[in-house]
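Colleague: Please find one structure pasted underneath; my questions will follow.
The values are calculated or read from the model by the stated rules, or taken from the named source; none is laboratory data. Treat the numbers as computed from the prediction; the structure is a model and nothing was measured. Here Cβ is always computed from backbone atoms with ideal geometry, including for glycine, and neighbour counts include all displayed protein chains.
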Amino acid sequence: MGFVLSILYFVTNYLTPAALFGPLAAYRVELILAALIVLASLHLLIRSFILKTPQSLALIGLAVGALLSVMIGQRWIGGGVAAFLAFIPSAFAYFLVCLHCNAKWKIKVIVAMLMCVCLFVIAHGSFDLLFGVQGSLPKPTGLSYAEEVQANDQWNLEHPYLYVMENDTGERLYRLRGLGTINDPNDFGQLAVCVIPLMFIFWRSKKILWNTLFVILPVCILLIGIFLTHSRGALIALMAIAIVAVRRRIGLVPALLLGGALFLGAMALNFTGGRDVSASAGEDRTALWSEGLEVLKANPAFGVGYGNLSDYTDEHLTAHNSVIVCAAELGLFGFYFWCMFLFSTLNDSLAIASIEKVTEGEPIEIEEAPFPQPVKLIESIDKAEINRLGRLLVLSLTGFLAASMFLSRAFVPTLFLLGGMVEVVFEMARERKMIAPRLHLERVMLFAGVLTISLVLMMYIVVRALKLLH
């Protein structure tokens, strides 16, 4: 029951209650759903591994960081509580996956759910592109820039699955987008990029028809959807996934050359919709990164408040970089816990993907119960399967993090959902004595501190280097 409710919760989070429940959304169906899930999950907490993971502490620290960032940064207690409550639904994804997704088939259901969300958006957006665009927004003449922006904004409100803008040549560009947490073309592109590697969880050796219908075809549809977003960040994320995926087979230099070839091919196919991908084209974004770092410098401890960075930039825009946004909004206190979650997730994902760190497992013994109970089926998962799941999750995280360098999406559910999936697979391996225990909390906290400082310094160096190029 809890797993079914969790899947429904994820779909509601991605597609919004209004899209799923229509008029019933006015009754705050999502809150009722969350309350039911909490009731269905409480009894699992005692025997769950979730309280033993550093990510749980990191999410608690992040929630406190969101609270303090507004209470101290904005000196507003009520706003701090609102920020705390706004962060909880995203973090909830990690706990739900760890509590209820305790088998490989449940991981497959989550991947299928994400795929269905993407298909839903691609289908609606494609239909709107084919039948809802022509003549719906004539090229305005004699309008000021502000009036033209207002006309575009009104059109965007009327077309929830498309976003209209102008490319570098002044031509109108329609970009596919989703709803809720993926209501920006770049956000939807990031989600679709993350789902592509995960689709190979359905791959079956020597099953050509099955693989064509349930892997290759869905991946092609996802690639079409990403193309329709015209997201430059998604393109870079696809390149990063391709490089990481083939690096061990063909070597780093050939992998980089392959990534470059894919980039040139995508640009030849007008992947970005006429928007340039270069240092000069990203000059405005670099300026926002610089402003974000200045905000962090002025408010290093607790930041300027969860979701408030745009109030401190000249153009009232966010920084379009998850590292800078998280650090500037939550300060080094909150950013430290974000890095703790990220480090723990990456470390565990690389561990389960490693051939050397995963050994052949041992069968799980079932203790005899003092009273009759239903038969419990134990999944048979070998080392090769753990490694395969680990590699797919590493590729998915690679895509997410590569896109995050150009998006202000440090707190979206996708990151925490992927983190939960990593820990579920790690726990499968640990239960079967295939892998060493997780790092001690003291070491995790130390490495998280190093990562915190390293990421801030890295972004400072990148910004300085890009300014020199301009």
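Colleague: Residues of the range 167-187 being part of a strand (DSSP E or B) and under 26 Å from the mean Cα position of the chain (by Cα), which ones?
Modeller: Within the range 167-187, Leu173, Tyr174, Arg175, Leu176 qualify.
Colleague: Filter the range 292-319 down to residues that are in contact with a Leu (Cβ under 7 Å, 6 or more places away or on another chain), assigned to a loop (DSSP other than H, G, I, E, B) and modelled with pLDDT of 90 or more, then give me how many there are.
Modeller: Here the count works out to 5.
The rows are residues; the columns are (1) among the aromatic types (Phe, Trp, Tyr); (2) surrounded by fewer than 19 Cβ atoms within 10 Å (Cβ to Cβ); (3) assigned to a helix (DSSP H, G or I).
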position	(1), (2), (3)
Leu8	no, yes, yes
Asn13	no, no, yes
Phe21	yes, yes, yes
Ala26	no, yes, yes
Leu39	no, yes, yes
Ala66	no, no, yes
Arg75	no, yes, no
Gly80	no, no, yes
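Colleague: Could you list all residues from the range 401-410 that are buried (at least 24 other Cβ atoms within 10 Å of the Cβ) and among the hydrophobic types (A, V, I, L, M, F, W, C)?
Modeller: Matches in the range 401-410: Ala403, Leu407.
Colleague: Further question on the same structure: If Leu309 satisfies all but one of (1) surrounded by 19 or more Cβ atoms within 10 Å (Cβ to Cβ); (2) farther than 25 Å from Trp76 by Cβ; (3) touching a residue at least 24 places away in the same chain (Cβ under 8 Å), what's the number of the condition it fails?
Modeller: The one condition Leu309 does not meet is (2).
Colleague: Under 7 Å by Cβ, and 6 or more places apart or on different chains, what pairs join a residue from the range 84-103 that is within 17 Å of Leu33 (Cβ to Cβ) with one that is of a type in the set (Val, Ile, Thr) and in a loop (DSSP other than H, G, I, E, B)?
Modeller: Listed by first residue and then by second, the contacts come to Ser90/Val412.
Colleague: Checking the condition surrounded by fewer than 18 Cβ atoms within 10 Å (Cβ to Cβ) and part of a helix (DSSP H, G or I), which residue from Cys220, Cys194 passes?
Modeller: Answer to the selection: Cys220.
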